[in-house]
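Structure record follows, encoded as structure tokens.
Bear in mind these aren't lab numbers, they're just calculated from the coordinates by the rules spelled out. All of these numbers come straight from a predicted model, not from anything done at the bench. Please note: Cβ atoms are built from the backbone with ideal geometry, for glycine as well, and neighbour counts cover all protein chains shown.
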């Protein structure tokens with residue numbers, strides 16, 4: 001059986017080529033596209049290269065980190081060819097893009113913007129570098145009706161969903177999002193792997209810590225992020241293999 005993996009980076013904007021090479025060494029057919037350049041706004045979900053992977057593989061898995069996990073979960077709800085989703089530090093909601101005072105949805109589907117949770121532009125971060133976890137919590141509370149409309153309907157994903165999250169994530173409340181996803185999935189095949197001291201960036205065995213991206217707190221430590229990666233790696237391989 002040929003197994004294809006669509007590997008989606010987060011808001012750093014840089015494909016994770018090291019992770020791709022590790023997965024390729026395990027025998028998987030991996031595509032790791034750069035899916036945005038500058039703006040995460042009105043990105044067509046149809047633009048991800050699922051057709052290319054599906055044409056040459058029997059099993060299709062989408063694996064994403066952060067905003068890439070948001071995309072992976074959305075794709076899983078929309079494309080029945082996807083057999084499993086691996087969501088690393090995911091969101092349970094669709095978020096937008098802020099440009100000045102204007103906010104737009106990150107994603108479109110069939111030409112229409114996806115509903116998204118607005119961010120409260122009056123909120124100010126604390127700390128240096130800043131943590132944004134409180135901003136996401138606050139915006140969900142303030143815009144409750146929009147949040148419900150923007151919830152990713154993960155119960156529509158027909159295959160297994162594997163989630164990893166760090167309890168010290170300082171980008172957004174990934175553990176709370178993971179719990180929301182698992183709750184919505186009810187009895188559908190779902191596995192959540194959490195390490196209390198880990199941050200936003202999981203480190204799998206054989207990987208080096210990633211740097212770059214927007215200046216912000218991401219939480220965790222290298223040791224804790226590696227612990228999360230080691231805890232999840234067996235499940236990652238199992239889901240990829242099927």
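Build a GNM of the chain with springs between Cα atoms under 10 Å apart, and of 93, 143, 28 the one that fluctuates most is 143. Cβ-Cβ distance of residue 109 and residue 25, R₀ of 35 Å, FRET efficiency by 1/(1 + (r/R0)^6): the value works out to about 0.55. Divide the volume of the convex hull around the Cα atoms of the stretch 141-223 by the residue count and you get 130 Å³ per residue.
Dimensions of the stretch 181-242 along the principal axes, based on C-alpha atoms and rounded to the nearest Å, stand at 38, 26, 20, largest first.
Springs join every pair of Cα atoms under 10 Å in this Gaussian network model of the chain, and among 34, 102, 146 the largest mean-square fluctuation is at 102. For the chain, the relative contact order is 18 percent, taking Cα pairs closer than 8 Å that sit 6 or more residues apart in sequence and dividing their mean separation by the residue count. Taking 13, 100, 27 in turn, the Gaussian network model of the chain (Cα-Cα springs below 10 Å) assigns the largest fluctuation to 100.
The modelled label-to-label distance for the pair residue 214/residue 230, using points 7 Å beyond Cα in the direction of Cβ, is 3.2 nm. Direction-averaged projected area, Cα convex hull, the stretch 45-95: 3.3 nm², rounded to one decimal.
Kirkwood hydrodynamic radius, the chain, all distinct C-alpha pairs: what's the number in Å?
Result for the chain, one decimal place: 17.8 Å.
Fully extending the segment from residue 158 to residue 52, taken as 0.36 nm per residue of separation minus the present Cα-Cα distance, adds 36.1 nm. Rounded to the nearest 500, the helix-only mean residue ellipticity at 222 nm of the chain stands at -9500 deg cm²/dmol, with each DSSP H run of n ≥ 4 adding -39,500 (n - 2.57). Look at the alpha carbon pairs under 8 Å that are at least 6 residues apart: their mean separation over the length of the stretch 116-242 gives a relative contact order of 26 percent. Extension gain, residue 238 to residue 141, is 31.3 nm, computed as 0.36 nm per intervening residue step minus the present C-alpha separation.
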